[in-house]
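Derivation of every value follows stated rules applied to the coordinates shown; laboratory data play no part. The model shown is predicted, which means the values in this text are computed figures rather than measured ones. Note that we place each Cβ from the backbone using ideal geometry, even for glycine, and neighbour counts take in every protein chain shown.
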Amino acid sequence: MKHATKNRMKPRLSQLVAEFPRKHLAIASTAISAIFVAMLLVPGETAQAKRISLPVDLKLEAKQLTAKATAPRPVLVWEEQSVQKGDNLSLIFQRASLSASDVHEIMYNSDNSKSLLKLYPGQKLAFQIDSEGTLQQLKHIQSQLKSTLFARNGDSFITTHIEREPEIRQNYSSAFISSNLFSAAQRSGLSQNLIMELASVFGGVIDFVYDVRAGDNFTVLYEEQFLDDEKTGNGPILAAQFTNRGETYSAYRYVYPDGSVGYYNENGVSMRKAFLRAPLDFTRISSGFNPKRLHPVFKTTRPHRGIDYAASRGTPVYAAGDGRIAKSGYTKANGHYVVINHGSNYTTKYLHLNKRGVKQGQKVKQRQIIGWVGSTGYATGPHLHYEFLVNGVHRNPRTILKKLPKAKSIDGQEKVRFTAQISGLQLQLAVYNNQRSVATADQLPNSSAL
């Protein structure tokens, strides 16, 4: 039965194909062929694409792009001019190729320009000048630590004060004296200013002309100033010890709460006496107190009621103590001279000055400069003639000082503060003196940095 049905379907299919239009049949065949070809072209899951690299020569012309770039401002260099003796601002500006109008501009268009009128030899002016010759900056270098900058700001100048703080270090020097203080101190490495300061500290208790002997010794602890690891100068003496003829004197620098400074011994007694032992930074004494001295000019025996300090012309002369100028004048015999009254009982006289620095009636302080050594009047060479009078009677300046009132001392609560402040300095001096005690004068190092 099934076989009969199958045989009947075959003639029916053949009949449909025969009856289908030929045109449509061609279209269908074409479509089936296209689908079959497309299936062959579609890659399988494991198919890999084949890549072919072909060189391509592209000739491209680069177009240069020009951009407006801002040129950096040129760095101006500093050109320095040293202040010479006799210089003024106009002369220095001329050396820097600047005109009088440049001087006028900075003087009238900046604050504190008056400092430029106070120029001293050794100072420097540094200039920054642009390519058009216009002053852009000016620096007034007063010292390594202090300067003033004038910087252009339009038509004016802005002023800036520059101060650098030095690094403070401590150093000490120690020496035995074989001939005189100055030679020994120089050999130990002390500068001339420190030598004079040392003499000033002990000037009220030691006569460095008559009392110093071979074998005397000293130790000095002082400050040094450094800038960029380079020494620029010395600071004050912090502590010192001087042994003269077997007697030892100590001095310590004490700073009061108000900032004032003084030197005192370990008991708080001031090293500053009513009068200086010598009223100048002396080099030597040519003549001592002698009532029957042969006068060097007239070759006759005349009283020499004072001391002659031989020193180079221009050496500063100090007021021996606080007082008021009684006379400041000139006579044929005395040359330029100054007389100071120290209260109602004491008077000091200073003769043969090259120049006087005070006027009658003026108040002066101890160690204030009142004149300079010269050889005016009846004098054979530059020296200071110094006299000391008590109640109008000439007295020997060397011996009278021992009879004068005692120095002031630190008392009360201030004494506690003083003791605490100097305790470290006492320890340092003790260490250095112990080192010196085990060395001979020839073997002793000149100085050692802390």
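Summary of values
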{"quantity": "When the convex hull of its Cα atoms is projected in every direction, mean area for region 303-355 (nm²)", "calculated": "4.2"}
{"quantity": "Under-5 Å amide H pairs with GLN142, H placed in peptide plane, nonlocal only", "calculated": "SER147, THR148"}
{"quantity": "Residue-by-residue Karplus 3J(HN,Hα) for region 430-435, coefficients 6.51, -1.76, 1.60, Hz, glycine and proline x", "calculated": "5, 5, 5, 5, 5, 5"}
{"quantity": "Candidate aspartates and glutamates - alpha carbon under 14 Å from LYS273, same-chain residues fewer than 8 apart omitted", "calculated": "ASP207, ASP322"}
{"quantity": "3J(HN,Hα) from dihedral phi, region 134-141, Karplus parametrisation 6.51/-1.76/1.60, rounded to Hz, x for glycine, proline", "calculated": "8, 6, 9, 9, 9, 10, 9, 9"}
{"quantity": "Other-chain or far-sequence residues with amide H under 5 Å of ARG356's (modelled H)", "calculated": "none"}
{"quantity": "Sequence-distant residues sharing a close amide H with MET271 (under 5 Å, placed H)", "calculated": "TYR263, TYR264, ASN265"}
{"quantity": "Part-to-part distance (alpha-carbon centres) for region 72-114 and region 352-389, which is given in Å", "calculated": "40"}
{"quantity": "For THR248, THR219, order by how many other beta-carbon atoms lie within 10 Å, fewest first", "calculated": "THR248, THR219"}
{"quantity": "Principal axes of region 134-286: Cα extent on each, largest first, Å", "calculated": "70, 34, 32"}
{"quantity": "³J(HN,Hα) computed for each position of region 335-344 - Karplus, 6.51 cos²θ - 1.76 cosθ + 1.60, integer Hz, glycine/proline x", "calculated": "x, 6, 9, 9, 10, 10, 9, 10, x, 9"}
{"quantity": "Cα-based reach from LYS415 at 16 Å (exclusive), listing aspartates and glutamates while leaving out same-chain residues under 8 positions away", "calculated": "ASP258, GLU266"}
